[in-house]
Amino acid sequence: MPPAVHVRTDPIPLGELTPFPGNAKRGNVPAILSSLRRNGQYRALVVRHVQPDGPLVVLAGNHTLQALQQHGPDACDYTATVDGQTQPCGVCHGEPWTPQALCQVLVCDDDTARRINLADNRTSDLGTYDMDALAELLSYLDDHDGTGYTDDEVTRLVTTDLPEGFTAYDESVADDLNTPGPASHTCPNCGHTFQG
């Protein structure tokens with residue numbers, strides 16, 4: 001099983017692209033379309049050229065393909081204000097367009113194609129966040145359009161106030177854990193009791 005070989009990177013009409021058969025991931029297409037409208041397509045789809053005249057199958061970026069298809073060929077009225085300037089949709093630029101996607105085309109065998117699809121879907125799931133770094137990064141933005149985060153989510157991330165009745169972690173909490181018997185704490189908001 002040889003590795004995949006990159007052939008070219010080109011814009012390809014959406015009608016020439018085939019979704020990966022059996023793709024197990026269920027992406028958030030509206031969130032991806034929101035990002036595309038605000039940011040444009042900043043990452044190429046990874047597409048397998050099956051044979052010289054065969055189909056172009058999307059290995060990675062199937063939901064970006066769906067979002068671009070959902071946008072359609074017509075101009076939309078999306079605009080964003082960036083540094084005081086009005087910016088049109090990053091997909092259609094406020095004009096009718098030929099639906100296409102930037103694609104990295106590669107050749108590989110069936111086994112490698114499945115592995116690429118599985119790895120692309122799974123590896124991001126395995127990551128975690130540094131919540132302080134995430135909150136700081138989000139705090140630099142005037143709005144959160146196209147980030148995948150709602151204003152409510154950002155507010156919860158950047159708010160450091162604890163709910164009323166919920167004590168901050170300090171040494172007394174650690175001391176409670178060293179006390180014989182089960183240590184517990186009850187959340188004053190939901191009533192759930194956490195056992196130590």
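The values are calculated or read from the model by the stated rules, or taken from the named source; none is laboratory data. This one's a predicted model, so the numbers in the text were calculated from it and none came from an experiment. Using ideal geometry, Cβ is built from the backbone for each residue, glycine included, and neighbour counts are taken over all protein chains shown. Calculation scope for accessible area: heavy atoms of the full protein, side chains included, ligands and nucleic acids excluded. Shrake-Rupley method; radii C 1.70, N 1.55, O 1.52, S 1.80 Å.
Give the residues of region 92-106 that are open to solvent by 60 Å² or more (accessible area, probe 1.4 Å) and in contact (Cβ under 8 Å) with a residue 24 or more places away in the chain, sorted by residue number. Full working, then the answer.
Our first condition is that a residue be open to solvent by 60 Å² or more (accessible area, probe 1.4 Å); within region 92-106, this holds for 93, 95-96, 98, 100, 102, 104.
THR98, GLN100, LEU102, GLN104 - these are the residues of region 92-106 that are open to solvent by 60 Å² or more (accessible area, probe 1.4 Å) and in contact (Cβ under 8 Å) with a residue 24 or more places away in the chain.
Looking at region 50-63, can you tell me whether even one residue there is of a type outside the set (Lys, Arg), modelled with pLDDT of 95 or more, out of contact with any strand residue (DSSP E or B) (no Cβ under 9 Å at 6 or more places or on another chain) and open to solvent by less than 40 Å² (accessible area, probe 1.4 Å)?
Our first condition is that a residue be of a type outside the set (Lys, Arg); within region 50-63, this holds for 50-63.
Subsequent filtering for residues that are modelled with pLDDT of 95 or more retains 56-63.
Retained after the next criterion (residues that are out of contact with any strand residue (DSSP E or B) (no Cβ under 9 Å at 6 or more places or on another chain)): 63.
Narrowing the set further to residues that are open to solvent by less than 40 Å² (accessible area, probe 1.4 Å) leaves 63.
The answer is yes; a qualifying residue exists.
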